[in-house]
1. When the Karplus curve 6.51 cos²θ - 1.76 cosθ + 1.60 is applied with θ = phi - 60°, which whole-Hz ³J(HN,Hα) does each residue of segment 5-15 get, with x for Gly and Pro?
2. Using θ = phi - 60° and the Karplus curve 6.51 cos²θ - 1.76 cosθ + 1.60, what whole-Hz ³J(HN,Hα) does each residue of segment 48-60 get, with Gly and Pro shown as x?
3. If amide hydrogens are placed 1.01 Å from N in the peptide plane, which non-local residues have theirs closer than 5 Å to the one on SER10?
Amino acid sequence: MIKILTSVASTAEADMVIALLEEAGIHTMPQRAIGGPEFGLSGARDVWVEEGDLERAREVLKSSEGAVSDEELTRLSEQAGREAGEP
């Protein structure tokens with residue numbers, strides 16, 4: 001069974017979470033969160049993991065808190081927008 005690990009505000013944030021988890025050997029499944037607007041690559045995303053990996057995935061995310069600065073997140077979000085052809 002799969003469970004939602006976290007919800008994030010954008011594809012860029014989801015990509016960062018997925019990269020951290022997959023580096024730790026945890027398989028993920030991102031999915032657009034239901035509700036709210038979505039424009040291109042923006043919009044909330046849920047990141048799902050196998051139930052058996054849930055606690056370890058939480059530990060991976062907790063240990064990485066603060067590892068990515070707000071500036072880096074902004075840069076990644078802007079880059080994702082440009083790649084999607086947004087102005």
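1. 3J(HN,Hα) across segment 5-15, in whole Hz: 7, 7, 10, 10, 7, 8, 4, 4, 5, 4, 4.
2. Ordered by residue, 3J(HN,Hα) equals 9, 9, 4, 3, x, 9, 4, 5, 5, 5, 4, 5, 4 Hz.
3. The answer is ARG45.
Computed from the coordinates by the stated procedures, all read-outs in this text should not be read as laboratory data. No experiment lies behind these values; they were computed from the predicted model shown.
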